[in-house]
Amino acid sequence: MDKDSFPRRSITQAFISDILRQYFTARKPLTHKRIAAGIENETVVVRMGGAQYVIRIYNRVQFGVLKRTKPNILWELDFMEHLRRGRLPVPKVMPTLTGQKLSQVVVGQKAYFVAIFEFMSGRHVRKFNPQQIEAVIKLEAQMHQLSHSFASRHVRANTYQFGYEKLMLGDLGRKVAKYPKHKKILAELWGIVNQHYPKLEKLIQGRRQIAIHNDLNRGNIKFSGHTIAGVFDFDDALMGSPVSELGKTIFFIVDRELAPKLLMAEIERAIRLYAIEIKLTKKDVEIVKLAFLVSWASRRFHSFNGRIDERQKSADCVRFAKIYG
């Protein structure tokens, strides 16, 4: 465990009760359950009477680099509240008894920031249907429109919004050493990212940045039928390029197992849906496609395990890059 990571063994009923006493008077949790899906912070769902809440315990660093300072987290919470005021389905940030958005816990002589949110009902979906894809694209456009009026007195310590993709890429030599028979496809995937990543950086450099969610994947969206019931997990939110976020979001929500030409058609459809809400230039569209490509190739390289189906999917990725290029 990283030295700045929260020690999970500390999450007990008594520990949760101590946190809740900062938010509620004379109430005790009936049940609590840690959510194991997150990788950056500890998340616990608590049931008290007929209500449910989500407790987020922030690790002291993110990806081993970004310090989770108080202003950094408060910027994130301000952004959530701004979107909520715009009537988007974002969890309510619960205040402490003294009206603060954040509290603290001390474990092993180290302090960790804590926030509590209302629980968002709904269900996650493994594969989005066309109506759900349309709902996500429209929601992202609404978020981008609202973000133009967002202001916070706190500063978000910024990271490049595709830093995670570079982090996931890892080392080519180490990957080839593990799968020597697949050197060609691995080198091609590696090449896609290293060819298109600089292009993407150059295209978005100097363009206006707005607050973006930056991680609208399946795990961070809940549905009620075809309607979005909740969007959460703003840990990766930052000031960034809205159109490159659109490319990442399309990567998250479309069926990436489609053949290259069919996949291209899905990307084009998603771009058209967004353009109904916000006008896109030719340069914007190029950024969207590059962002999709960088996200896909880096994650395909990272998850490559040598199986036949993985080789086929990666080969499709290479073919897609050639179609786009």
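The values are calculated or read from the model by the stated rules, or taken from the named source; none is laboratory data. Quick caveat: nothing in here was measured; it's all calculated off a predicted structure. Neighbour counts are summed over all protein chains in view; Cβ atoms, including those assigned to glycine, are modelled from backbone coordinates with ideal geometry.
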| task | Can you tell me which residue among Arg174, Arg207 is at pLDDT below 90 and within 20 Å of Asp284 (Cα to Cα)? | result | Arg207
| remark: If we ask which residues in segment 93-120 are under 19 Å from the mean Cα position of the chain (by Cα) and over 17 Å from Ile19 (Cβ atoms), their number turns out to be 1
| field | So Gly122, is it more than 20 Å from Ala237 (Cβ to Cβ) and loosely packed, with under 15 Cβ neighbours inside 10 Å | value | no
| note | Screening Val231, Val176 for residues that are touching a helix residue (DSSP H, G or I) at 6+ places or on another chain (Cβ under 8 Å), of a type outside the set (S, T, N, Q) and without any contact (Cβ under 8 Å) to a residue 60 or more places away in the chain leaves only Val176
| task | Count, please, the residues in segment 53-80 that happen to be modelled with pLDDT of 85 or more and surrounded by fewer than 15 Cβ atoms within 10 Å (Cβ to Cβ). | result | 2
| request: Any chance you could count how many residues in segment 1-49 are among the small types (Gly, Ala, Ser), in contact with a Pro (Cβ under 8 Å, 6 or more places away or on another chain) and modelled with pLDDT under 65? | output: 0
| request: Would you be able to say whether some residue in segment 87-99 is farther than 30 Å from His148 by Cα, outside any strand (DSSP E or B), modelled with pLDDT of 85 or more and not assigned by TED's automatic domain parsing to the domain that holds Asp236? | output: yes
| remark: Of the listed residues (Phe292, Phe301), the one being touching a residue at least 40 places away in the same chain (Cβ under 8 Å) and over 14 Å from Glu188 (Cα atoms) is Phe292
